[in-house]
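The values are calculated or read from the model by the stated rules, or taken from the named source; none is laboratory data. These numbers come from a predicted model, not from an experiment. Cβ placement follows ideal geometry from the backbone for every residue including glycine, while neighbour counts extend to all protein chains displayed.
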Amino acid sequence: AQSVTQLGSHVSVSEGALVLLRCNYSSSVPPYLFWYVQYPNQGLQLLLKYTTGATLVKGINGFEAEFKKSETSFHLTKPSAHMSDAAEYFCAVSEYTGTASKLTFGTGTRLQVTL
Amino acid sequence: NAGVTQTPKFQVLKTGQSMTLQCAQDMNHEYMSWYRQDPGMGLRLIHYSVGAGITDQGEVPNGYNVSRSTTEDFPLRLLSAAPSQTSVYFCASSYSMPDTDTQYFGPGTRLTVL
């Protein structure tokens, strides 16, 4: 079964600093990978996804992620953090069961942005 | 267009009580799913449905029932609540499978079982 591991349950950066959230996956087939964001007291919202093609994927709010097959990684980055980026971020991988596809989520990384 | 709506927002139950968490979407989405979110465990899939009349189990289905009589609605039933079911529950929907189509999440239901 597919799985994802998010390194670091909490990450703190200064406003304007680089954001790097780590995600490693395990999959027996070429994976589809996702990053979702959850703002306080809200549901999840899709940031970006990788299916096929270009390995550098751009998402909303200036975030991007790079699929690296050799490293089984899909790390999320943003060049300059903003206070509004404070949220919890979830990496996910899809799995096809033969009749439907399902997403398996990581345990999440809470991003704190300080002045 | 309300998107995905969930009711209630908060609920407190006693052990052994039953209740239904409501989920509705107005986007004509075929795929709907229920997740629970627990601290340090991310989101775990409870049940999902690929269309009206079709449901299947996810990762943690025990203690929960679902049915899908219409495209719009996907209620989650707790037959006999247990403290281990204290969690935040999210409903999500997508037009097609969630690997190829964006999943839209509801605002969640926070459930406490005493």
Inset, instruction - Select from region A:14-53 the residues that are farther than 24 Å from B:Tyr104 by Cβ and buried (at least 19 other Cβ atoms within 10 Å of the Cβ) and list them in ascending order. - result: A:Val19
Inset, instruction - For A:Ser70, indicate whether it is modelled with pLDDT of 95 or more, more than 11 Å from chain B (Cβ to nearest Cβ) and outside any loop (DSSP other than H, G, I, E, B). - result: no
Legend entry - Enumeration of residues in region A:78-115 that are in a loop (DSSP other than H, G, I, E, B), under 15 Å from the mean Cα position of the chain (by Cα) and buried (at least 19 other Cβ atoms within 10 Å of the Cβ): A:Gly106, A:Gly108
Legend entry - Tabulated pairs, region A:29-51, first closer than 21 Å to B:Gly3 by Cα and facing chain B (nearest Cβ under 7 Å), second surrounded by fewer than 20 Cβ atoms within 10 Å (Cβ to Cβ) and polar (S, T, N, Q), C-beta under 7 angstrom, 6+ apart or interchain: A:Leu46/B:Thr102
Legend entry - Index of the failed condition, B:Thr86 passing every other in (1) in contact (Cβ under 8 Å) with a residue 40 or more places away in the chain; (2) more than 11 Å from chain A (Cβ to nearest Cβ); (3) β-branched (Val, Ile, Thr): (1)
Legend entry - Among (1) in contact (Cβ under 8 Å) with a residue 24 or more places away in the chain; (2) within 12 Å of another protein chain (Cβ to nearest Cβ); (3) crowded, with 16+ Cβ neighbours inside 10 Å - the single one B:Asp38 does not satisfy: (3)
Inset, instruction - Only one of these is among the hydroxyl-bearing types (Ser, Thr, Tyr), more than 11 Å from every other protein chain (Cβ to nearest Cβ) and closer than 21 Å to B:Leu43 by Cβ: A:Ser26, A:Ser84, A:Ser101. Name it. - result: A:Ser26
Inset, instruction - Scan region B:90-105 and report the pairs whose first residue is more than 7 Å from chain A (Cβ to nearest Cβ) and whose second residue is of a type in the set (Asp, Glu), with Cβ atoms within less than 9 Å and a gap of 6+ or a chain change. - result: B:Ser93/B:Glu30; B:Ser94/B:Glu30; B:Ser94/B:Asp101; B:Tyr95/B:Glu30; B:Tyr95/B:Asp101; B:Ser96/B:Glu30
Inset, instruction - Take the residues in region A:87-98 that are within 13 Å of chain B (Cβ to nearest Cβ) and among the aliphatic types (A, V, I, L, M), then tell me which one is farthest from A:Leu18 (Cα to Cα). - result: A:Val93
Inset, instruction - Scan A:Ala54, A:Ala17 and give me the residue that is touching a residue at least 40 places away in the same chain (Cβ under 8 Å) and assigned to a loop (DSSP other than H, G, I, E, B). - result: A:Ala17
